[in-house]
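The values are calculated or read from the model by the stated rules, or taken from the named source; none is laboratory data. A quick note: this is a predicted structure, and the numbers were derived from the prediction, not measured. Note that each Cβ is placed from the backbone with ideal geometry, even for glycine, and that neighbours are counted across all protein chains shown.
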Number of protein chains: 2
Amino acid sequence: MQTSKRIGKMQLSPIRRLIPYANAAKKRGIKVFHLNIGQPDIETPKVFMKAIKEAEIDVLAYADSRGWDPLRQSMADYYKRIGGDFELEDFIITNGGSEALQWAFVITCDIDDEILVPEPFYTNYNSFTAPFTVSITPITTQADKGFALPDEASIVELITDRTRCIALSNPGNPTGVVYTREEVEMIAKIAKEHDLFIIADEVYREFCYDGKEAVSFATLEDVKDRVIIVDSVSKRFSACGARIGCIASKNKDVMLGALKMAQGRLSSPTLEMIGAKALYDLDPNYFDPIRERYQRRRDVMIDAMEKMDGVMIKRPAGAFYAIASLPVDNAEKFAIWMLSEFEQDGKTVMVAPVENFYASKNMGLNEARLAYVLKEEDLHEAMKILDAGLKAYPGRTI
Amino acid sequence: MQTSKRIGKMQLSPIRRLIPYANAAKKRGIKVFHLNIGQPDIETPKVFMKAIKEAEIDVLAYADSRGWDPLRQSMADYYKRIGGDFELEDFIITNGGSEALQWAFVITCDIDDEILVPEPFYTNYNSFTAPFTVSITPITTQADKGFALPDEASIVELITDRTRCIALSNPGNPTGVVYTREEVEMIAKIAKEHDLFIIADEVYREFCYDGKEAVSFATLEDVKDRVIIVDSVSKRFSACGARIGCIASKNKDVMLGALKMAQGRLSSPTLEMIGAKALYDLDPNYFDPIRERYQRRRDVMIDAMEKMDGVMIKRPAGAFYAIASLPVDNAEKFAIWMLSEFEQDGKTVMVAPVENFYASKNMGLNEARLAYVLKEEDLHEAMKILDAGLKAYPGRTI
């Protein structure tokens with residue numbers, strides 16, 4: 001009586017598996033600045049709880065498997081504003097972007113089929129593919145090139161007869177990359193020429209800085225039948241705990257597959273859909289001050305890290321992450337050491353080691369992902385602590 | 001560019017796929033009595049919304065992947081009351097029992113592994129196994145024997161070297177069966193002797209009638225390392241829309257696998273866990289009047305159906321379903337006809353065809369599942385309409 005081989009091979013989240021060390025530090029009375037996880041400190045818009053509190057619910061019943069229609073309509077309206085031609089019926093509401101990604105992989109892939117993913121990638125893609133025995137083929141991108149995509153030929157040569165789709169997040173987690181229009185159109189061209197689906201994880205869409213914009217795959221007319229959009233309220237509206245996302249596509253077979261998955265698990269949580277509709281109905285200007293706030297935070301963090309001895313980091317244009325190459329023997333060891341053995345004035349910093357954001361072996365061993373989701377004064381302090389930690393760490397390489 | 005073969009082979013929910021016919025009927029102004037779906041009309045206890053409304057939440061953050069500890073503790077306390085030796089750490093909160101079942105299957109089974117399931121079974125087990133390419137081997141049970149389990153030898157002969165677990169719901173959906181202690185202990189014996197896991201779906205635990213009790217697999221000492229409990233607030237507290245359930249096991253490998261799945265999708269919805277804790281903290285006497293109410297409803301429904309010409313039905317002891325053998329050519333055709341072509345005083349009845357609750361072919365073709373989740377006066381009326389429908393149906397076989 002053993003558990004399955006596939007569950008045995010699955011990873012614990014490299015973002016979350018160090019939490020016991022953080023909890024132990026907190027028990028010792030140490031304050032931990034969490035740069036390891038994309039949990040924004042931005043207040044969830046009050047309309048969310050207001051809508052839920054005002055809902056008159058005697059029986060908290062299953063919702064429609066496809067989701068609550070008023071929310072689906074508000075999502076369609078939102079996509080029309082960003083130039084995507086979606087109607088209510090092109091959406092199915094999911095339990096976060098996580099569920100949408102799982103469905104996208106199983107809808108497009110049979111056993112041992114392959115998906116192309118630029119690496120480093122959101123590490124939980126591993127957890128969404130492994131149970132379905134789908135393989136990730138990495139398109140390796142590099143920190144010193146700002147994680148730009150390689151040229152078309154380098155991507156095409158990775159395609160096999162088992163390749164079913166290209167999945168990518170834009171803006172990128174964990175890299176903060178915002179792909180150029182040329183890169184987005186190159187992916188579209190490759191998908192068309194090699195008959196692939198495109199799984200576009202665009203949950204950070206509004207978080208682009210320096211005047212940049214992320215080109216949504218939802219706006220590309222000539223691949224509209226191959227694009228599967230994955231989205232979420234988590235980051236967009238600082239409502240991670242709502243677990244409301246969606247899968248959207250103009251491809252009827254894809255949406256039939258999504259409906260089958262949706263009906264199996266009955267429905268998404270009813271109250272959270274009521275709250276989420278209020279979020280999508282916010283004035284689109286809602287994002288402007290938040291975008292500015294994140295941009296300032298990014299600059300606080302990057303400015304500080306650029307000055308640290310031996311740290312290599314580029315200023316990313318999107319999301320709220322950056323990957324830093326650290327002057328340490330191993331970023332995971334360093335992260336654990338920061339939590340277990342280091343403190344400055346009773347405080348320390350938690351970062352996420354990046355090794356498991358790569359599918360390729362022996363990459364990112366000294367890289368960490370840092371999320372700039374704290375307020376500026378905390379980021380200033382966290383950077384000082386990180387700098388001191390890097391100087392004190394026994395495994396430092398400079 | 002085609003969707004996957006496995007998604008193509010998956011079913012649309014036989015419980016939900018006839019909803020478009022029901023919606024069309026409603027558009028024509030017809031009132032539909034829903035006996036097709038286990039959506040109770042019992043009021044959700046007010047403590048659920050009260051706890052959520054009183055929660056002070058500025059940032060709706062991700063919860064711990066394992067769930068909100070106070071809810072896990074309340075679940076452990078609940079299990080202690082029913083005789084299960086579970087601690088807080090033996091629980092991971094899931095998005096409904098649905099997610100817990102998916103995880104149980106992938107934690108125990110690799111590709112083409114098999115699970116034994118008494119049929120007819122909750123049809124969504126198909127949707128929880130097909131994406132993982134796990135097979136269901138049915139243990140056929142029969143209406144005229146009250147869906148009792150066959151003898152040990154008949155079950156053992158279904159076991160192959162690919163069999164990994166026995167999954168069963170007790171009390172049973174769709175049958176309403178409550179297994180005897182002898183049946184439960186026989187399953188435990190088989191699991192021990194053939195080194196199998198037991199996936200015990202006990203979401204209807206409190207709904208046993210005529211003084212019967214469901215023996216929980218959580219109370220069996222000698223198989224505690226092989227039992228995986230799946231549970232949910234949906235039916236227990238009439239909170240289906242909360243989508244809060246759990247997976248619980250004393251087996252550390254199982255719970256490590258569950259943690260991997262949990263971390264991948266980050267967390268269950270935060271607010272709903274706050275509400276669910278208030279439900280588990282209700283006085284255990286909460287169930288008494290509800291159990292009585294369901295028993296009366298059961299009797300209203302069964303008494304009426306026993307009198308209908310050509311209908312074969314047994315009085316089930318648990319859950320809130322019964323399977324009726326109908327005097328019709330095909331139960332799905334009949335269900336559609338009831339929604340599309342029949343009405344009595346502007347009203348009709350929706351039932352769930354049972355064919356897809358069987359894994360064996362050509363079984364249950366004239367059977368329907370009826371959920372007695374409506375108040376007695378509605379059930380009386382629904383029964384009259386069903387009787388009239390059966391008499392008028394062109395495909396009747398008597």
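Among B:Val178, B:Val184, which is more than 20 Å from A:Arg265 (Cα to Cα), assigned by TED's automatic domain parsing to the domain that holds B:Val227 and in a helix (DSSP H, G or I)?
Unique residue meeting the criteria: B:Val184.
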Quiz item: Restricting attention to the stretch B:337-353, does a residue exist that is modelled with pLDDT of 95 or more and in contact with a Gly (Cβ under 6 Å, 6 or more places away or on another chain)?
Solution: yes
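Among the residues that make up the stretch A:381-398, is at least one of them among the polar types (S, T, N, Q) and surrounded by 19 or more Cβ atoms within 10 Å (Cβ to Cβ)? Break it down stepwise before answering.
Within the stretch A:381-398, the first condition is being among the polar types (S, T, N, Q), and the residues that meet it are A:397.
So of that shortlist, the ones also surrounded by 19 or more Cβ atoms within 10 Å (Cβ to Cβ) come out as none.
Among the residues of the stretch A:381-398, not one is among the polar types (S, T, N, Q) and surrounded by 19 or more Cβ atoms within 10 Å (Cβ to Cβ), which makes the answer no.
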Quiz item: If we scan the stretch B:119-127, do we find a residue that is over 22 Å from the mean Cα position of the chain (by Cα), modelled with pLDDT under 95 and assigned by TED's automatic domain parsing to the domain that holds B:Met273?
Solution: no
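How many residues are in a helix (DSSP H, G or I) and of a type in the set (Asp, Glu) if we restrict to the stretch A:304-347? Outline the logic, then answer.
Start the filter on the stretch A:304-347 by keeping residues that are in a helix (DSSP H, G or I), which leaves A:304-306, A:331-340.
Then drop every residue that is not of a type in the set (Asp, Glu), which leaves A:306, A:332.
Residues meeting the conditions: 2.
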Exercise. Residue by residue through the stretch A:141-152, note down the ones that are surrounded by fewer than 16 Cβ atoms within 10 Å (Cβ to Cβ) and touching an Asp or Glu at 6+ places or on another chain (Cβ under 9 Å).
Key: A:Ala148
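Matching residues to (1) surrounded by 19 or more Cβ atoms within 10 Å (Cβ to Cβ); (2) within 23 Å of B:Leu379 (Cβ to Cβ); (3) not assigned by TED's automatic domain parsing to the domain that holds B:Gly96:
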position	(1), (2), (3)
B:Pro20	no, no, yes
B:Lys26	no, yes, yes
B:Lys50	no, no, no
B:Ala55	no, no, no
B:Val59	no, no, no
B:Asp69	no, no, no
Practice problem: Restrict the check to the stretch A:158-180 and report whether at least one residue is within 14 Å of chain B (Cβ to nearest Cβ) and basic (Lys, Arg). | Solution: yes
Quiz item: In the stretch A:259-283, what count of residues is obtained for those that are more than 7 Å from chain B (Cβ to nearest Cβ), more than 20 Å from A:Leu101 (Cβ to Cβ) and among the hydrophobic types (A, V, I, L, M, F, W, C)?
Solution: 4
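Listed here are the residues, each with its yes/no results for (1) touching a residue at least 60 places away in the same chain (Cβ under 8 Å); (2) among the hydroxyl-bearing types (Ser, Thr, Tyr).
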{"site": "B:Ser216", "(1), (2)": "yes, yes"}
{"site": "B:Ile228", "(1), (2)": "yes, no"}
{"site": "B:Arg243", "(1), (2)": "yes, no"}
{"site": "B:Met255", "(1), (2)": "yes, no"}
{"site": "B:Asn285", "(1), (2)": "no, no"}
{"site": "B:Asp288", "(1), (2)": "no, no"}
{"site": "B:Glu292", "(1), (2)": "no, no"}
Quiz item: If B:Asp288 passes every condition in (1) assigned to a helix (DSSP H, G or I); (2) among the charged types (D, E, K, R); (3) in contact with a Phe, Trp or Tyr (Cβ under 6 Å, 6 or more places away or on another chain) but one, which one does it miss?
Solution: (3)
Quiz prompt | Residue under evaluation A:Lys26, criteria (1) within 27 Å of B:Arg243 (Cα to Cα); (2) free of Cβ contacts under 8 Å to residues at least 40 places away in the same chain, criterion not met | solution = (1)
Practice problem: Answer with yes or no whether A:Phe334 is among the aromatic types (Phe, Trp, Tyr), more than 21 Å from A:Phe147 (Cα to Cα) and buried (at least 20 other Cβ atoms within 10 Å of the Cβ). | Solution: yes
Quiz prompt | Considering residues of the stretch A:226-245 that are out of contact with any helix residue (DSSP H, G or I) (no Cβ under 6 Å at 6 or more places or on another chain) and more than 8 Å from chain B (Cβ to nearest Cβ) only, the residue nearest to B:Asp64 (Cα to Cα) | solution = A:Lys235
Quiz item: Can you pull out the residues in the stretch A:39-87 that are closer than 19 Å to A:Glu206 by Cα, within 14 Å of chain B (Cβ to nearest Cβ) and modelled with pLDDT under 95?
Solution: A:Gln39, A:Pro40, A:Asp41, A:Ile42
Quiz item: Looking only at residues in the stretch B:118-134 that are surrounded by fewer than 24 Cβ atoms within 10 Å (Cβ to Cβ) and of a type in the set (Val, Ile, Thr), which one is nearest to the other protein chains (Cβ to nearest Cβ)?
Solution: B:Thr133
Quiz prompt | Residues satisfying the stated conditions in the stretch B:1-35, i.e. within 20 Å of the chain's Cα centre (by Cα), facing chain A (nearest Cβ under 7 Å) and of a type in the set (Lys, Arg) | solution = B:Arg16
Quiz item: Inside the stretch B:350-398, can you point out the residues that are under 21 Å from B:Lys26 (Cα atoms) and part of a loop (DSSP other than H, G, I, E, B)?
Solution: B:Val351, B:Tyr372, B:Val373, B:Leu374, B:Lys375, B:Tyr393
